[in-house]
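**Student:** Okay, here's the structure, questions in a sec.
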Amino acid sequence: MNDVITNILICGIGGQGVMTAAEILAQAAMAQGFDCKKSEIAGMAQRGGVVTSHVRFGRKVWSPVITPGTADLLVAFEVAEGSRWADHLRPGGTAMVNTIRLAPPIVSSGLYKYPADPVAQMRAAGVPVIEVDAGTIARDLGNLRLVNTIMLGAIADHLPFPATELEEQIVGRFRERKPAMVEVNQRAFEAGRQASQRGNADVTARAVNC
Amino acid sequence: MSAAVQAQPHTRLLLSGNDAIARGVWEAGAKIASAYPGTPSTEILESLALYPDLYAEWSVNEKVALEVAIGGSMSGARSFCAMKHVGLNVASDALMTITVAGVVGGLVIAVADDVGMSSSQNEQDSRYWGRFAHLPILEPADSQEAYEMVKYAFELSEACNTPVLLRLTTRVCHVKAVVEIGERVVHDITGFASDPRRWVMTPANAKGQIPAQIARETKLLALAESSPLNRLEDGKDRRIGFVTSGPAYMHVRECFPDSPILKLGFTYPVPVGLVEKMASGVAHLVVVEETEPLMENDLKAAGLSRIHGKDLLPRLGELTPNVLVPAINGLVGEPLPKGSVYPKIDPFPRPPTMCPACPHMGVYYSLSRLRKQVQISGDIGCYTLGAGHPWNALDTTISMGASMGIALGMDKARSAETKDKGVVAVIGDSTFLHMGMQGLLDIVYNRGNVTTIILDNRTTGMTGGQNHPGTGKSLTGEDAPRIDFAKLVEALGVAPERIRTVDPYLLPVVFKTIKEEIAVTAPSVIITTRPCVLSEFYDRQPPFRVIDETCTGCGNCIKVGCPAITVKRTETRNRADGTSHELKFTTIDTAMCTGCRMCVESCGPKAIVPAQPTAVAQQ
């Protein structure tokens with residue numbers, strides 16, 4: 001194992017499962033023998049506010065916080081939140097963005113405007129974005145709660161360990177408590193992986209076109 | 001459930017600081033543990049409640065929690081209590097005297113400072129309390145250290161006859177990191193032995209014990225100077241030597257791997273000798289501590305020169321790498337870090353909101369309608385969000401239970417303009433039982449003209465739904481006597497006809513009741529009856545929808561503040577007088593809606609109706 005630290009920033013809105021996703025990712029990293037730290041500011045997180053979770057792993061991790069400009073991967077559970085945290089990526093880092101748009105009351109009542117296209121804003125700023133329509137995939141699979149597993153599937157091929165290790169971490173949780181949910185989570189994970197591979201092809205094509 | 005409860009000794013687990021502390025407390029053989037919930041400390045007791053052979057309780061407030069732990073210690077049980085920083089202010093009266101009397105069973109007080117203020121009304125450095133009370137202070141930097149230090153704290157407490165302060169911050173409590181756990185040791189309770197000269201703190205008895213307290217500090221200093229919790233990590237870059245404690249150490253270690261670092265865990269009394277030894281080998285000394293310059297000032301007072309600290313670093317907030325590196329690079333003339341290559345995008349603010357169907361919205365909707373007629377004194381909890389959009393219905397929030405005392409002061413300090421205004425205090429059930437009762441008693445006693453609204457949602461909401469004497473359940477989930485708020489406030493002296501119980505979902509009733517009670521000059525209390533929507537008591541109902549053709553775009557339903565209601569389309573209409581206004585046509589997210597009917601109550605044209613079963617299925 002070398003001295004490289006992997007920095008993954010997960011962001012979203014209170015109640016979306018950001019912290020659970022971070023927990024699963026951190027457990028998977030630990031199972032690979034990495035030292036690992038997971039950090040979040042969760043004080044009022046249940047109340048629909050902004051939530052971020054920092055996951056760092058490597059041979060030895062000191063600070064639990066990802067310094068802006070050093071994240072390898074940004075996992076956004078909501079598209080405007082993706083744009084809010086995109087500056088935390090290192091040059092060449094990837095933003096994996098769930099394209100769902102969730103407007104807070106402050107927007108829906110007209111005080112603020114929701115940006116027309118946050119993904120376009122990120123791309124205009126030079127950020128490599130992979131879009132994943134996790135909401136639609138989850139609905140097709142029959143359960144909106146699968147967004148979490150879909151997003152983890154989406155990043156599974158961007159980690160320094162095999163995708164199957166992350167999948168096992170998710171499935172293992174359900175195997176004990178809710179065996180009936182194992183299969184649909186496997187499908188959600190796989191659907192997330194494929195969506196991300198398609199999205200990645202788009203990004204590559206766009207880079208070539210430029 | 002914390003994985004640490006069932007884990008075998010000597011396994012490695014990913015644990016939060018709070019879960020690690022709970023494991024350490026249990027392993028140390030503690031028998032008594034108490035707390036009042038408070039971010040970021042709450043999960044320590046939630047976790048401890050799952051361990052066997054240990055009594056754990058939610059106390060009504062932090063002072064009582066500390067008193068319970070003191071009683072346990074006096075009885076020879078290793079005892080522990082936890083609180084957030086502002087909780088120690090509440091507990092301080094008991095603290096300042098037990099520190100003179102000392103302990104029998106080890107007594108450890110964990111205090112969690114919300115550095116960065118994620119969920120608090122102030123940012124304070126609780127190490128001041130430790131110094132004020134002449135207590136040794138231990139400051140872990142991560143979960144493993146928190147686990148080890150809390151175990152050592154019990155030993156230290158008994159060895160030096162003192163309570164020990166374990167000072168935590170949010171980055172210790174809520175960061176998960178790898179911890180290797182161990183086994184429980186047995187510490188049987190020895191039982192209380194009467195010793196009035198020690199425990200009855202009359203002036204004569206207290207005076208006799210103060211010299212021992214002062215002598216204790218000399219012994220503690222010697223321990224700090226030789227403690228393995230204080231270690232020098234040498235480095236070849238001798239331009240700067242760092243003195244640091246808590247999670248700030250992790251940031252320093254990451255950013256300056258070649259610098260000598262004096263890593264302090266046993267931070268009070270400050271081991272000045274260790275710092276002096278290090279100072280001779282480096283050009284500058286930088287003290288990196290969150291948040292106040294306590295060690296720094298002690299070192300300066302001891303005569304050390306070339307010391308930097310708060311001249312370079314902020315006094316508030318976390319000392320994370322992005323704060324630390326520019327400040328330190330400036331000192332040694334290194335270039336500033338480049339930072340992010342991508343520009344900051346700021347789409348819109350996303351402040352915390354109340355949940356769909358939150359019963360607090362019914363009260364704030366009504367208060368916002370009466371805004372010009374009332375001054376509203378608020379308190380600490382989810383309902384502090386009433387200060388925000390769209391209600392803007394709070395004028396003050398200061399401290400736990402303060403709403404009523406402040407309301408009474410406002411009532412007694414009326415000007416010509418405010419003499420006819422209603423004065424309203426708004427407080428939650430858990431907060432009322434924590435420190436609110438005395439405020440209401442004072443209103444009654446002093447004939448205050450204040451209407452107190454107790455938002456009884458049958459939980460401690462903001463900290464994640466903890467039990468209290470009003471929920472009918474204990475920390476461990478067992479049945480407990482349930483306090484009756486109406487009887488309680490009557491016992492505090494409020495006239496029975498001035499105690500009103502309302503369903504907060506019935507907006508017109510809430511509005512009318514508040515209006516009636518602010519018109520009366522006697523103390524009055526309104527108690528709301530709907531449970532928190534995140535609690536087990538909430539009764540979820542089928543969702544509602546908006547009929548497009550019937551919606552007139554008045555936007556009144558938006559003023560309820562429910563996050564499930566959004567504006568679908570707007571239209572600008574011109575008035576006859578040349579001005580214009582915007583119509584807002586709304587829609588309800590049926591996946592979020594839990595059928596509370598508050599928006600139905602707010603809708604004049606009756607455009608909000610039960611969503612059809614087919615519409616639910618489509619979601």
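Every residue, every condition in (1) of a type in the set (Ser, Thr, Tyr); (2) within 14 Å of residue B:383 (Cα to Cα); (3) under 24 Å from the mean Cα position of the chain (by Cα); (4) in the same structural domain as residue B:385 (by TED's automatic domain parsing), yes or no:
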position: B:406; (1), (2), (3), (4): no, no, yes, yes
position: B:433; (1), (2), (3), (4): no, no, yes, yes
position: B:439; (1), (2), (3), (4): no, no, yes, yes
position: B:442; (1), (2), (3), (4): no, no, no, yes
position: B:471; (1), (2), (3), (4): yes, no, yes, yes
position: B:499; (1), (2), (3), (4): no, no, no, yes
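**Student:** For the range B:79-183, which fully contained helices (runs of 4 or more DSSP H) count at least 2 residues that are among the small types (Gly, Ala, Ser) and surrounded by fewer than 23 Cβ atoms within 10 Å (Cβ to Cβ)?
**Tutor:** In the range B:79-183, the matching helices (runs of 4 or more DSSP H) lie at B:85-101.
**Student:** Under 8 Å by Cβ, and 6 or more places apart or on different chains, what pairs join a residue from the range B:315-337 that is part of a loop (DSSP other than H, G, I, E, B) with one that is of a type in the set (Gly, Ala, Ser) and modelled with pLDDT of 95 or more?
**Tutor:** B:318/B:248; B:319/B:248; B:320/A:63
**Student:** Limited to the range B:540-584, what total is found for residues that are among the hydroxyl-bearing types (Ser, Thr, Tyr) and in contact with a helix residue (DSSP H, G or I) (Cβ under 7 Å, 6 or more places away or on another chain)?
**Tutor:** Of the range B:540-584, the ones among the hydroxyl-bearing types (Ser, Thr, Tyr) are B:550, B:552, B:566, B:570, B:572, B:579-580.
Still in the running and in contact with a helix residue (DSSP H, G or I) (Cβ under 7 Å, 6 or more places away or on another chain): B:566.
Adding up the residues that qualify gives 1.
**Student:** Let me ask something else about it. Which one of A:174, A:189, A:161 is assigned to a helix (DSSP H, G or I), modelled with pLDDT of 95 or more and over 17 Å from residue A:95 (Cβ atoms)? Write out each step before concluding.
**Tutor:** Numbers: A:174 fails: modelled with pLDDT of 95 or more; A:161 fails: assigned to a helix (DSSP H, G or I).
On inspection, the qualifying residue turns out to be A:189.
**Student:** When you go through (1) out of contact with any helix residue (DSSP H, G or I) (no Cβ under 7 Å at 6 or more places or on another chain); (2) not in a strand (DSSP E or B) one by one for residue B:26, which number turns out not to apply?
**Tutor:** Of everything listed in (1) out of contact with any helix residue (DSSP H, G or I) (no Cβ under 7 Å at 6 or more places or on another chain); (2) not in a strand (DSSP E or B), residue B:26 misses just condition (1).
**Student:** Do we find that residue A:97 is within 28 Å of residue A:182 (Cα to Cα), in contact with a helix residue (DSSP H, G or I) (Cβ under 9 Å, 6 or more places away or on another chain) and either within 13 Å of chain B (Cβ to nearest Cβ) or free of Cβ contacts under 8 Å to residues at least 60 places away in the same chain (or both) in this structure?
**Tutor:** yes
Every residue, every condition in (1) more than 30 Å from residue B:120 (Cβ to Cβ); (2) within 14 Å of chain A (Cβ to nearest Cβ); (3) crowded, with 22+ Cβ neighbours inside 10 Å, yes or no:
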residue	(1), (2), (3)
B:231	yes, no, no
B:239	yes, no, no
B:261	no, yes, yes
B:280	yes, no, no
B:291	no, no, yes
B:310	no, no, no
B:313	no, no, yes
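**Student:** Go through the range A:106-154 and count every residue that is touching a residue at least 24 places away in the same chain (Cβ under 8 Å) and in contact with a His (Cβ under 7 Å, 6 or more places away or on another chain).
**Tutor:** 0
**Student:** Moving to a separate point now. Select from the range A:5-29 the residues that are of a type outside the set (Gly, Ala, Ser) and modelled with pLDDT under 95 and write down the one among them that is surrounded by the most Cβ atoms within 10 Å (Cβ to Cβ).
**Tutor:** Taking the range A:5-29 as the starting set, the residues that turn out to be of a type outside the set (Gly, Ala, Ser) are A:5-11, A:13, A:16, A:18-20, A:23-25, A:27.
So of that shortlist, the ones also modelled with pLDDT under 95 come out as A:13, A:16, A:18-20.
Numbers: A:13: 24, A:16: 23, A:18: 27, A:19: 20, A:20: 16.
The residue in question is A:18.
**Student:** Sticking with this structure for a sec: Inspect all residues belonging to the range B:501-524 and state whether any of them is part of a helix (DSSP H, G or I), under 30 Å from residue B:44 (Cα atoms) and more than 14 Å from chain A (Cβ to nearest Cβ).
**Tutor:** Step one: list which residues in the range B:501-524 are part of a helix (DSSP H, G or I), which gives B:507-519.
Within this subset, residues satisfying the condition of being under 30 Å from residue B:44 (Cα atoms) are none.
No - not one qualifying residue is present in the range B:501-524.
**Student:** Right, here's the next one. Could you check the range B:436-463 and list, in sequence order, the residues that are in a helix (DSSP H, G or I) and crowded, with 24+ Cβ neighbours inside 10 Å?
**Tutor:** Applying the first criterion (in a helix (DSSP H, G or I)) to the range B:436-463 yields B:436-445.
B:436, B:439, B:440, B:443 - these are the residues of the range B:436-463 that are in a helix (DSSP H, G or I) and crowded, with 24+ Cβ neighbours inside 10 Å.
**Student:** Suppose we filter A:168, A:131 for residues that are in a strand (DSSP E or B), more than 30 Å from residue B:337 (Cβ to Cβ) and more than 8 Å from chain B (Cβ to nearest Cβ); which single one remains?
**Tutor:** Working: A:168 fails: in a strand (DSSP E or B).
Residue meeting the stated conditions: A:131.
**Student:** Hey, another quick one. Could you tell me how many of the residues in the range B:280-290 are within 38 Å of the chain's Cα centre (by Cα) and within 17 Å of residue B:256 (Cα to Cα)?
**Tutor:** Filtering the range B:280-290 down to residues within 38 Å of the chain's Cα centre (by Cα) leaves B:284-290.
From what is left, the residues that are within 17 Å of residue B:256 (Cα to Cα) are B:284-289.
Residues flagged as within 38 Å of the chain's Cα centre (by Cα) and within 17 Å of residue B:256 (Cα to Cα) within the range B:280-290 amount to 6.
**Student:** Test each condition in (1) touching a strand residue (DSSP E or B) at 6+ places or on another chain (Cβ under 8 Å); (2) within 14 Å of another protein chain (Cβ to nearest Cβ) for residue B:271 and report the one that comes out false.
**Tutor:** (2)
**Student:** Return the residue satisfying two criteria in turn: it lies in the range B:363-394 and is within 12 Å of another protein chain (Cβ to nearest Cβ), part of a helix (DSSP H, G or I) and in contact with a helix residue (DSSP H, G or I) (Cβ under 8 Å, 6 or more places away or on another chain), and of such residues it is surrounded by the most Cβ atoms within 10 Å (Cβ to Cβ).
**Tutor:** Among them, the one singled out is B:383.
**Student:** Of the numbered conditions (1) within 7 Å of chain B (Cβ to nearest Cβ); (2) at pLDDT 95 or above; (3) more than 16 Å from residue A:166 (Cα to Cα), residue A:47 fails exactly one; give the number of that condition.
**Tutor:** Condition not satisfied by residue A:47: (2).
**Student:** Which residues, taken from the range A:118-143, are among the charged types (D, E, K, R) and either over 19 Å from the mean Cα position of the chain (by Cα) or within 20 Å of residue B:563 (Cα to Cα) (or both)? Full working, then the answer.
**Tutor:** Initially, the range A:118-143 is screened for residues among the charged types (D, E, K, R), giving A:123, A:131, A:133, A:139-140.
Result: A:140, single match.
**Student:** Go through (1) surrounded by 14 or more Cβ atoms within 10 Å (Cβ to Cβ); (2) out of contact with any Gly (no Cβ under 7 Å at 6 or more places or on another chain) for residue B:334 and report which single condition fails.
**Tutor:** (1)
**Student:** Identify, by number, the condition in (1) under 22 Å from residue B:171 (Cβ atoms); (2) surrounded by fewer than 21 Cβ atoms within 10 Å (Cβ to Cβ) that residue B:55 doesn't meet.
**Tutor:** Unmet condition: (1).
**Student:** I would also like to ask the following. What's the number of the only condition in (1) modelled with pLDDT under 95; (2) over 36 Å from the mean Cα position of the chain (by Cα); (3) surrounded by 12 or more Cβ atoms within 10 Å (Cβ to Cβ) that residue B:613 fails to meet?
**Tutor:** Failed condition: (3).
**Student:** Going through the range B:464-496 one residue at a time, which ones are among the charged types (D, E, K, R) and in a loop (DSSP other than H, G, I, E, B)?
**Tutor:** Of the residues in the range B:464-496, the ones among the charged types (D, E, K, R) are B:473, B:478-479, B:482, B:484, B:487, B:490.
Listed by number, the residues that qualify are B:478, B:482, B:484.
**Student:** Within the range A:135-153, identify whether any single residue is touching a strand residue (DSSP E or B) at 6+ places or on another chain (Cβ under 9 Å), more than 10 Å from chain B (Cβ to nearest Cβ) and part of a loop (DSSP other than H, G, I, E, B), and answer yes or no.
**Tutor:** No: the range A:135-153 contains no residue that is touching a strand residue (DSSP E or B) at 6+ places or on another chain (Cβ under 9 Å), more than 10 Å from chain B (Cβ to nearest Cβ) and part of a loop (DSSP other than H, G, I, E, B).
**Student:** Continuing with this model, one more query. I want to confirm something. Restricting to the range A:105-128 and keeping residues that are in contact with a strand residue (DSSP E or B) (Cβ under 8 Å, 6 or more places away or on another chain) and not in a helix (DSSP H, G or I), which single residue is surrounded by the fewest Cβ atoms within 10 Å (Cβ to Cβ)?
**Tutor:** Only one residue fits best here, namely A:110.
**Student:** While we're on this one: Can you tell me which residue is farthest from residue B:9 (Cα to Cα) among those in the range B:171-186 that are touching a Pro at 6+ places or on another chain (Cβ under 9 Å) and within 7 Å of chain A (Cβ to nearest Cβ)?
**Tutor:** The residue in question is B:171.
The values are calculated or read from the model by the stated rules, or taken from the named source; none is laboratory data. Bear in mind the structure is a predicted one, so any value in this text is a computation, not a measurement. Cβ atoms come from the backbone with ideal geometry, glycine included; neighbour counts cover every protein chain shown.
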